[in-house]
Every structure is written in C-alpha cells, then in structure tokens.
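Since the structure comes first, as structure tokens, the remarks are kept for the end.
The values are calculated or read from the model by the stated rules, or taken from the named source; none is laboratory data. Since we're looking at a predicted model, the values are computed, not measured. Every residue, glycine among them, receives a Cβ derived from its backbone with ideal geometry; neighbour counts consider all protein chains shown.
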Amino acid sequence: MVRKRNEDVVVFTQNTTIEATESNQTAPRLLRELVAHLRQNRTPLREEWVRRITEAQLLTAMSKPEIFAEATSVYDSYVVALETGTFEALQNYARSLSERIIPRGVETHEVIGIVLLLRDVLARSLFAKYQGNFEELNRILDAYEPAANRIANTVAVGFVQERERIIRQQQEAIRELSTPVLPVRERLLILPIIGVMDPQRARQLTEQLLHGIRTNRAKVVVIDTTGVAAMDGTVANHLVLTVQASRLLGATVIVTGLSPEIAQTLVTIGVDLNKMNTAGDLQGGIEQAERLLGYKVIPIAEAS
Amino acid sequence: MAADEVRVAIKLGFSSGDITLIATAISELARNILSYARQGEILLRTVDGSNRTGILIVASDEGPGISDIRQALRDGFSTSGSLGMGLPGVRRLMDEFEITSEPMHGTTVKVKKWKQ
Amino acid sequence: MEVPILKQGSYLIATVQGALTDADLLELRAALLERVVRMRSQGVILDLTALDVMDSFASRTIREIADMIRLRGAATVIVGIQPEVAFAMVQLGLTLEEVTTALDLEEGLAYLNQKSKEARI
C-alpha cells in the first residue's frame with residue numbers, strides 16, 4: 001500500500017506540467033488569467049480562507065497569526081504551482097509544514113480539510129468573477145479543477161507521508177528503548193525485560209542481544225525477567241532459543257527473576273530447566289555472572 | 001548455493017536475519033528432496049497479502065511420499081539436533097507451512113515468510 | 001570451496017571461506033582428523049565467520065568432527081558463528097550442545113590455552 005502511494009507521488013512530483021484538458025491554445029491563456037486573478041485578490045481570498053478554516057474549527061492547535069502566516073505561504077506556493085505547473089516547491093513546502101505542525105498534534109483530516117477549503121474558496125471567487133459569462137466560467141473551471149485537485153493531493157499526501165515517517169521513527173525508538181542491552185562490566189551484559197512480551201518484541205530482543213554480544217564481546221549475559229508477569233508458550237520458547245543462540249556465539253546466559261507463571265510455562269513447553277542457568281533475582285544473577293567471569297567482589301575493609 | 005533465492009529475498013526488503021532464515025529453510029527443503037526423493041524442484045515467488053509482501057517457496061518431488069505426516073512434523077525443539085526430516089525445523093523458520101503428500105507419488109511443501 | 005587448515009603451535013585452525021557443499025564438509029572432516037593424528041595437535045579451532053547458512057547436515061558434520069577429535073584426546077572450539085546464523089540454527093533445533101563455542105578466533109585460542117594450562121597443573 002505504502003509503496004503504491006509512493007509511486008503515485010512520484011508521478012506528481014516529477015515536474016509534471018499541467019496538461020490542458022482541451023487541446024486548444026486557450027488553456028495557457030486561461031491559466032494565466034486565473035493566476036492573475038488569484039494574485040490580484042490575494043488579500044481578500046487569503047482572509048476568506050482563514051475565516052473558513054477558523055469557522056470549520058480546523059488547526060485549533062495553532063494561533064490565528066500562525067494560521068494566517070502558513071495560509072499565506074500555502075496560498076503563494078499554490079499560485080506558483082498553478083502558474084508553472086511544477087509541484088516540487090509545493091511538495092517541499094507541504095513537507096516542511098507537516099514537520100512543523102505534526103508535533104503540535106495537527107491531524108490528517110485537518111490538513112485535507114484546509115486544502116479542500118482553499119479549493120472551495122477559490123472556486124467561489126471564480127464563480128463570482130465569471131457569473132456573467134457561463135461559457136468562459138466552464139472553460140476556466142476545466143483548467144482550474146484538475147490543477148487544484150493535484151495540488152490538494154500533493155499537500156495531503158505530503159502530510160500523510162511525513163506522518164508515517166515520524167510514526168516509523170517513533171516505533172523504532174520505542175522498540176529500542178524497551179529492550180536496552182546494558183554493558184555493566186567488561187564482558188558482562190544485562191538485559192532487563194519490562195512489560196508485555198509479544199512475539200514481535202521477543203524477536204527484536206533476540207536480535208539486539210545477539211548483536212550486543214558481538215559488539216561488546218560479552219561472555220556472560222544476565223536476562224532479568226522480573227518486570228514480566230507472564231509469557232505465552234511462543235514467547236517462552238523464543239526465550240529458550242535466544243539462550244541457545246547466545247551460547248553458539250560463545251556467551252553464557254543467566255535468566256533471573258522468573259515468575260512462577262513463566263516457570264510453569266517453561267516447564268509446560270518441555271524446557272529442561274537443568275540446561276538453563278537461572279538465579280532467583282538480578283543480584284543473584286550478577287553474582288553468578290561474576291563468578292563465571294572470575295571476579296570476586298569483597299568489601300574494601302576486608303581487602304585492605 | 002541459494003544465492004539467487006537470497007537475491008529475491010533481498011530485493012523484497014527482508015532483514016538480514018530473515019534472509020538467513022529463508023536461505024536455511026531452502027537449504028533444508030533441498031536436503032529433504034535429495035535424501036528422500038533424489039530429485040525434485042524448488043520454486044520461489046513473491047506473494048502479496050492484503051497489506052504485506054512475502055516470499056513463497058514451493059518444494060515438490062515425486063518421491064516415495066510420506067505415509068505419516070503427523071509423525072514427520074512432530075515437534076521436538078528440546079531434542080537437540082534432531083535429524084529426522086528437518087520439516088518441523090523448516091516450519092519454525094517460516095511463517096506459514098503447508099504440506100501435501102501421497103505415498104508413492106511424492107510430496108509438496110509450501111512455505112511462506114512475510115516481510116516484517 | 002576447500003577449507004585451509006593452518007598449524008599454529010600445537011593447535012590447528014580451519015577457516016571456512018564461504019559456502020560449503022556437503023563434499024567440502026566431508027573433506028574437511030577427513031583432513032582435520034588426519035592432521036590431528038599426524039601433528040599430534042591438542043586443539044582445533046573451526047572458524048565459521050564467513051558462513052552465512054548452516055543447515056542440519058553441516059551442523060551434524062561439525063558435531064561429528066568435534067566428537068572424533070575428542071576421541072583423539074584433543075579439544076575443538078567452534079568460533080565466529082554469526083548472530084543471524086545462530087538464531088536460524090536454534091530454530092532448526094541445531095544447538096551443538098556438546099560442542100564448545102567461542103566468539104571469535106581470539107576467544108577460541110584463549111579457551112584452548114586455558115584448557116592446556118589446566119591440564120598441565
């Protein structure tokens with residue numbers, strides 16, 4: 001779906017020139033006339049647009065001067081797009097606009113709403129201007145409508161893409177935050193797992209741990225599951241596979257803080273708990289890890 | 001060995017971890033065909049789900065077939081290095097697994113992996 | 001692709017260079033065994049860093065290599081298994097449980113040195 005949408009966008013952005021809907025020479029003239037009209041009435045049309053935006057209660061997260069400033073930029077880019085038939089500038093503007101307003105909570109329907117409102121406002125002004133000449137009005141609408149639709153599309157798609165990009169970025173960040181691999185001592189990693197484990201997260205965890213073992217040259221890993229209340233069979237099995245895969249990389253895993261429920265699940269799926277290094281809590285796990293690494297921790301008083 | 005297949009998977013945008021899983025599954029399916037049917041074929045194709053893309057691997061042979069599929073698929077992830085048919089392993093490597101077999105006429109295994 | 005075997009002191013180091021056919025694996029098994037005997041090696045390191053797929057046959061052959069070398073009184077360490085390969089292996093149920101593993105060549109050598117030091121005491 002996403003890829004398809006991207007392809008559509010490519011069609012819009014590659015300096016597409018607006019095709020004349022009728023194969024006569026009047027179209028360029030009509031567009032020029034249209035552009036001149038929009039330039040001439042820039043102030044009242046902008047104001048009308050902003051009034052309609054406020055009335056429709058769109059962009060409520062923004063102040064009135066902010067809306068007016070953005071509306072002016074969109075309006076001018078809009079006219080340029082009509083005049084030159086290229087959408088690149090508008091596309092870039094739509095992207096930077098989205099970057100600015102997405103963090104403030106502006107929703108997709110608001111952005112689509114405002115571009116559609118602009119289309120309406122401009123169409124009405126054309127009605128008013130050409131109401132005496134019906135044929136001319138029809139011709140100018142023929143030139144205006146496809147261009148306006150593409151513009152609306154460009155802005156809306158730009159916004160949605162930006163939003164998707166941000167969401168992907170955030171998902172990535174959350175995923176990485178949720179399973180930190182912590183080097184606490186040379187060759188020792190700690191992996192505290194907190195919250196709900198689903199298969200997706202379990203996979204993520206395995207990937208991060210196995211690469212963490214390589215990059216940190218870890219020999220011992222303590223996986224602490226104190227923060228996990230329960231695991232289903234799939235996830236528990238995944239945990240076992242992770243322990244086995246770590247060993248193939250030369251690292252020993254100690255699992256600590258297994259809740260009675262998780263222990264029950266592990267036994268149910270047939271894990272031989274004798275083959276798994278476990279400790280009651282994180283502290284016990286770290287002590288065990290230190291023994292494996294040949295460390296001995298003693299109070300300073302005793303050492304001196 | 002499975003270089004061409006892997007290129008298909010890379011083109012689809014699978015992660016390196018998934019590509020390793022896919023390549024291993026293909027290797028294992030090929031091994032199955034070699035040891036039980038001597039010859040057969042493996043086809044690869046991309047598949048489109050409702051909102052995802054994936055790879056479909058079809059391994060078919062005209063060998064002796066499997067009389068007890070349930071037995072062949074019996075899972076034993078705690079018995080290390082079980083060297084039976086490798087089919088339970090392939091099933092775990094992939095997202096979807098389908099097998100049809102007719103004694104004396106051959107076996108077809110279809111597996112799919114979806115892009116994460 | 002043939003696997004070069006290097007002699008380093010009392011150890012042998014076999015470094016896999018890329019994908020291995022079944023025939024390559026069997027050849028490696030024969031070559032390693034022959035050399036362990038001829039050179040009276042105390043340890044063997046099998047470096048799999050360059051291997052990107054390990055299936056059941058490869059895994060079984062490696063286990064056999066380790067077992068046979070043990071019967072000659074020497075130790076085997078498998079080093080360099082890539083994270084992706086390790087995960088695919090365990091999903092297939094190939095855990096190489098009886099075989100010693102280490103992160104890389106350096107770690108493998110450290111393990112063998114430690115082991116022979118213990119043996120001397």
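Below, the figures for the structure above:
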{"read-out": "From A:R100, A:R124, A:R104, A:R95, residue being surrounded by fewer than 19 Cβ atoms within 10 Å (Cβ to Cβ) and over 30 Å from the mean Cα position of the chain (by Cα)", "value": "A:R124"}
{"read-out": "Subset tally (residues that are touching a residue at least 12 places away in the same chain (Cβ under 8 Å), polar (S, T, N, Q) and facing another protein chain (nearest Cβ under 8 Å)) for segment C:83-108", "value": "1"}
{"read-out": "Criterion: assigned to a helix (DSSP H, G or I), over 30 Å from A:G227 (Cα atoms), within 21 Å of the chain's Cα centre (by Cα) and basic (K, R) - qualifying residue of A:R139, A:R150, A:R165", "value": "A:R165"}
{"read-out": "Residue within segment A:159-169 that is hydrophobic (A, V, I, L, M, F, W, C), crowded, with 20+ Cβ neighbours inside 10 Å and closer than 27 Å to A:P44 by Cα present", "value": "yes"}
{"read-out": "Some residue of segment B:13-21 being within 14 Å of chain C (Cβ to nearest Cβ), outside any loop (DSSP other than H, G, I, E, B), at pLDDT 90 or above and in contact with a Leu (Cβ under 8 Å, 6 or more places away or on another chain)", "value": "yes"}
{"read-out": "Test: residue in segment A:164-171 that is touching a residue at least 24 places away in the same chain (Cβ under 8 Å) and closer than 25 Å to A:R124 by Cα", "value": "no"}
